[in-house]
Amino acid sequence: QVQLVESGGGLVQAGGSLRLSCAASGSIPVFNAMIWYRQAPGKQRELVARITSGGYTNYADSVKGRFTISRDNAKNTVYLQMNSLKPEDTAVYYCFTHYDLHDYWGQGTQVTVSS
């Protein structure tokens with residue numbers, strides 16, 4: 001059983017920063033690819049950032065240069081550093097991974113950016 005637990009969301013003013021964490025536990029390799037998604041009210045869930053087992057990263061165009069995904073393999077934790085936040089970044093942020101033919105999602109963490 002794999003569990004993903006996000007934390008770090010909250011309310012921040014535009015231009016501020018937050019760091020989200022996603023701690024993975026259970027039978028999952030430390031180097032498994034991990035993805036951050038987000039879903040704003042009334043919108044589809046969208047990919048925000050991804051980090052592969054080899055450390056390759058890619059980002060949605062809307063967050064390039066502002067967000068950074070990273071991982072601490074010793075803690076089996078993935079982070080999303082979010083800088084220069086904008087009101088349009090307001091969403092529930094989810095951690096995701098795919099392993100052994102299964103999709104695993106975290107419970108989500110709310111990020112609200114006020115203007």
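The table for this structure:
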quantity	calculated
Length added when fully stretched, GLN107-GLN81, from 0.36 nm per residue minus Cα-Cα	7.5 nm
Among 40-52, 90-102, the order from most to least packed when residues are scored by Cβ within 10 Å on average	90-102, 40-52
Carbon and sulfur %, accessible surface of the chain computed with the full protein complex present, 1.4 Å	49 percent
Reachable lysines, given that their alpha-carbon falls under 22 Å from the alpha-carbon of LYS43 and they are not under 8 places away in the same chain	LYS64, LYS86
Rough spin-label spacing in nm, given labels placed 7 Å along Cα→Cβ, for SER17 and VAL2	3.0 nm
Accessible surface, per residue, of the chain when the full set of protein chains is kept, probe 1.4 Å, Å²	53 Å²
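The values are calculated or read from the model by the stated rules, or taken from the named source; none is laboratory data. Remember, predicted model here, so these are calculated numbers, not experimental data. Please note: Cβ atoms are built from the backbone with ideal geometry, for glycine as well, and neighbour counts cover all protein chains shown. Side chains included, ligands, DNA and RNA excluded: accessible areas come from the protein's heavy atoms. Shrake-Rupley method; radii C 1.70, N 1.55, O 1.52, S 1.80 Å.
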